[in-house]
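First up is the structure itself, then whatever we jot down about it.
The values are calculated or read from the model by the stated rules, or taken from the named source; none is laboratory data. Worth saying up front: this structure is predicted, and the values here are computed from it rather than measured. Don't worry about glycine lacking a Cβ; one is built from the backbone with ideal geometry, like all the others, and counts go over all protein chains shown.
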Amino acid sequence: MTVAGELRLGLIGFPLEHSFSPRLHQAALTSLGLRGDYRLYALPPLPEGEAQMRDLLSTMRRGELDGLNVTIPHKASLIPYLDDLSPSARAIGAVNTLLVRDGALLGENTDAAGFLADVQRLWGERMTNERPALVLGAGGAARAVVYALLLKGWQVVVLARRNSQAHDLCRELDPLGAAGESTRVGGALAAPAHLHLGTSAPDEARRWGEWLEALNPALVVNATPVGMFPRVDASPWPPQAPFPQGARVYDLVYNPPQTRLLREAEAAGLPAAHGLGMLVEQAARAFHLWTGLRPPVQALWEAVS
Ligand code: NAP
């Protein structure tokens, strides 16, 4: 595919000051020798930002914008304003990429594929889905991660501080057929079924230890923002719980690159990785959807390392 003229790309979210996306997409443009820019559209949460959102989407439908990324807090809330969703965006219930296809505004989610690509890059053949994955959090990113893991045949256990949110996630992903009867959800588990951050009952260490030993996860994924800048001293891992031996730990947080969770997991002897690779991979996929061209992943890495 040839890309003629200037590409007009951008990001919808709020706030956006700390976003790495402009660097990633600028690197993609430069490395492919394309002209264009990647602008930030700071849209307050709906309903406040609704008029601005509608304007921006109309601009895109008219062909005056070639591609948009979507981040917090709009990943789910702008879905009703779109014309269609890809199967993965529909299943996940969140979009991070918008494109125009045949005049229609389509929402896509590249987080799930980005997560899988990075886990594969990091641990590839050494990972087994014969033991479950434990996902912390049940928001938009957790939905993408759970969807990705289910498609790859994992059994997934979701722990969230709100049991109802974990239940909703599992109920809504289940009709895909990817989640079978055996998929367990936080609410279906014996206590501790919630993330109790910063609190611990006197017997909690024993309970967590027994529970984790029985679960024996091969992978632990943090899909909460806990540990992210500026609250870098926080960890989503329950303070009294031992790290499950033999597990790998993936933290979607990438700022800072070494979160407290990763530091402590590594100190306990576990392979651990931050979410910068997922960010790079989801960006590369979005760029490919907009242009038909695959940017060199190495150039994107260099832009954010
Ligand atoms: P979200 O939709 O707001 O969901 C966040 C989840 O974390 C919710 O379940 C939330 O529970 C839970 N949570 C928040 N604060 C918590 C706390 N103090 N203790 C326990 N649970 C807490 O956000 P998201 O879009 O899923 O993003 C989550 C994280 O993933 C963010 O740090 C984001 O930057 C990162 N992310 C990284 C990538 C990547 O490419 N590496 C991609 C997407 C997202 P409540 O609803 O109860 O607050």
Exercise. Is it the case that segment 47-69 has a residue that's closer than 27 Å to D168 by Cβ, in contact (Cβ under 8 Å) with a residue 60 or more places away in the chain and crowded, with 22+ Cβ neighbours inside 10 Å?
Worked result: yes
Problem set entry | Those residues of segment 156-168 which are of a type outside the set (G, A, S) and either outside any helix (DSSP H, G or I) or at pLDDT 85 or above (or both), in sequence order | V156, V157, V158, L159, R161, R162
Exercise. Here are some conditions: (1) away from the ligand (no atom under 13 Å from the Cβ); (2) modelled with pLDDT under 95; (3) not β-branched (V, I, T). P15 meets all but one. Which one does it not meet?
Worked result: (1)
Exercise. Is it the case that some residue within segment 29-45 is out of contact with any Ser or Thr (no Cβ under 9 Å at 6 or more places or on another chain), small (G, A, S) and under 25 Å from Y81 (Cα atoms)?
Worked result: yes
Exercise. Looking at this structure, is A141 within 12 Å of the ligand (Cβ to nearest atom), under 16 Å from D168 (Cα atoms), hydrophobic (A, V, I, L, M, F, W, C) and touching an Asp or Glu at 6+ places or on another chain (Cβ under 7 Å)?
Worked result: yes
Problem set entry | Residue that is within 17 Å of G10 (Cα to Cα) and touching a helix residue (DSSP H, G or I) at 6+ places or on another chain (Cβ under 7 Å), where the choices are L82, L68 | L68
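Yes or no, residue by residue, for (1) within 19 Å of the chain's Cα centre (by Cα); (2) under 27 Å from E130 (Cα atoms); (3) modelled with pLDDT of 90 or more:
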residue: P192; (1), (2), (3): no, yes, no
residue: T199; (1), (2), (3): no, no, no
residue: D203; (1), (2), (3): no, no, no
residue: W211; (1), (2), (3): no, yes, no
residue: N216; (1), (2), (3): no, yes, yes
residue: T224; (1), (2), (3): yes, yes, yes
residue: F229; (1), (2), (3): yes, no, yes
For this session: Return the pairs, sorted by first residue and then second, in which the second residue is more than 6 Å from the ligand (Cβ to nearest atom) and not aromatic (F, W, Y), the first residue lies in segment 128-141 and is under 21 Å from R90 (Cβ atoms) and assigned to a loop (DSSP other than H, G, I, E, B), the beta carbons are less than 6 Å apart, and the residues are 6+ apart or on different chains.
Result: A138/V158; A138/A166; A138/L169
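One line per residue, one yes/no per condition, for (1) farther than 20 Å from G209 by Cα; (2) within 14 Å of the chain's Cα centre (by Cα):
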{"site": "P238", "(1), (2)": "no, no"}
{"site": "P242", "(1), (2)": "no, no"}
{"site": "P256", "(1), (2)": "yes, no"}
{"site": "L261", "(1), (2)": "no, no"}
{"site": "A267", "(1), (2)": "no, no"}
{"site": "L270", "(1), (2)": "no, no"}
{"site": "L276", "(1), (2)": "yes, yes"}
{"site": "Q282", "(1), (2)": "yes, yes"}
Problem set entry | Residue check for R8: in contact (Cβ under 8 Å) with a residue 24 or more places away in the chain and within 21 Å of M228 (Cα to Cα) | no
For this session: State which residue pairs qualify: first residue in contact (Cβ under 8 Å) with a residue 40 or more places away in the chain and inside segment 105-119, second residue among the β-branched types (V, I, T) and within 14 Å of the ligand (Cβ to nearest atom) in any location, beta carbons under 7 Å apart, and separation of 6 or more residues or different chains.
Result: E108/V95; E108/T97; T110/T97; F115/V145
